[in-house]
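*Asks:* For reference, the structure I am asking about is given below.
The values are calculated or read from the model by the stated rules, or taken from the named source; none is laboratory data. Given the structure is predicted, the values throughout are model-derived calculations rather than measurements. We place every Cβ from the backbone using ideal geometry, glycine too, and count neighbours over all the protein chains shown. These area figures cover heavy atoms from the full protein model, side chains too; ligands, DNA and RNA do not enter into them. Shrake-Rupley method; radii C 1.70, N 1.55, O 1.52, S 1.80 Å.
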Amino acid sequence: MHMTVQEAIARRRSIRSFTGAPLTQAQLNTLLDAARLAPSSLNSQPWRFKVLTGAEDKAWLAGSVSRQQGLFTSAGAVLLCCADISGYLKESAASVQAYVDSGFTGPVMEGIKDYLTVEQASARERLRAAGAMNVALAVSQMMLQAVELGLGTCWVGMFGEDAIKARFGLGEELAVIALLAVGVPAGEHPGPATRKPLDAILLP
Ligand SMILES: Cc1cc2nc3c(=O)[nH]c(=O)nc-3n(C[C@H](O)[C@H](O)[C@H](O)COP(=O)(O)O)c2cc1C
């Protein structure tokens with residue numbers, strides 16, 4: 001489907017009912033590439049994805065762990081969208097080192113070093129929030145890419161993180177930020193979204 005970015009943004013809606021058709025490997029790769037190319041703080045790229053396509057996993061996610069959000073059963077795939085908290089710190093430090101090695105100096109460099117020092121001293125909750133910010137950008141790009149592919153998505157934020165981490169063997173360093181249901185939409189497009197007018201979001 002040929003469309004501009006503006007058209008993709010306007011057309012994207014949360015889709016909660018899918019045909020059950022699987023995604024092709026090419027579609028999955030295109031979606032994951034959209035995520036991979038997202039911007040991130042200090043190019044830390046802390047996003048990690050687990051792609052689930054099995055009926056058993058989808059049925060489990062549709063149960064009590066998501067408060068019975070049934071949309072997962074008909075999705076072609078569900079992506080566990082995670083932030084790698086140790087990776088975030090490690091890659092941020094590596095980027096700072098690369099700047100230092102390149103001879104970059106001055107107030108901006110000092111600011112970058114200060115930023116890293118604050119991040120390195122931060123509690124896990126703050127690091128989780130920093131990771132989540134980066135993951136959200138990557139997921140946002142996937143949701144728009146899906147529109148161009150004729151696929152629907154729904155970001156699900158209501159889930160039991162500990163249970164999901166245990167079932168899928170996700171390590172201590174990973175925080176589950178979102179579950180992204182992706183699939184071929186079943187039924188009519190929901191139409192344009194309701195949104196606040198511009199004057200309601202512009203601060204005086
Ligand atoms: C952080 C976040 C959490 C969300 N959690 C859920 C969820 O648990 N279940 C769900 O059905 N939709 C969820 N959504 C989708 C929103 O309800 C939806 O984006 C919003 O109502 C606007 O509608 P639209 O996406 O169709 O434009 C979530 C969206 C975001 C960004």
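*Asks:* Just the residues that are more than 13 Å from the ligand (Cβ to nearest atom) and surrounded by fewer than 17 Cβ atoms within 10 Å (Cβ to Cβ), please, taken from region 135-172.
*Replies:* Selection gives Gly150, Asp162, Ala163, Ala166, Arg167, Phe168, Gly169, Gly171, Glu172.
*Asks:* Related question: Please go through region 173-191 and pick out each residue that is among the charged types (D, E, K, R) and either within 13 Å of the ligand (Cβ to nearest atom) or surrounded by 14 or more Cβ atoms within 10 Å (Cβ to Cβ) (or both).
*Replies:* Of everything in region 173-191, just one residue is among the charged types (D, E, K, R) and either within 13 Å of the ligand (Cβ to nearest atom) or surrounded by 14 or more Cβ atoms within 10 Å (Cβ to Cβ) (or both), namely Glu173.
*Asks:* If Arg124 satisfies every condition in (1) open to solvent by less than 60 Å² (accessible area, probe 1.4 Å); (2) away from the ligand (no atom under 14 Å from the Cβ) but one, which is the exception?
*Replies:* (1) is the only condition that Arg124 fails.
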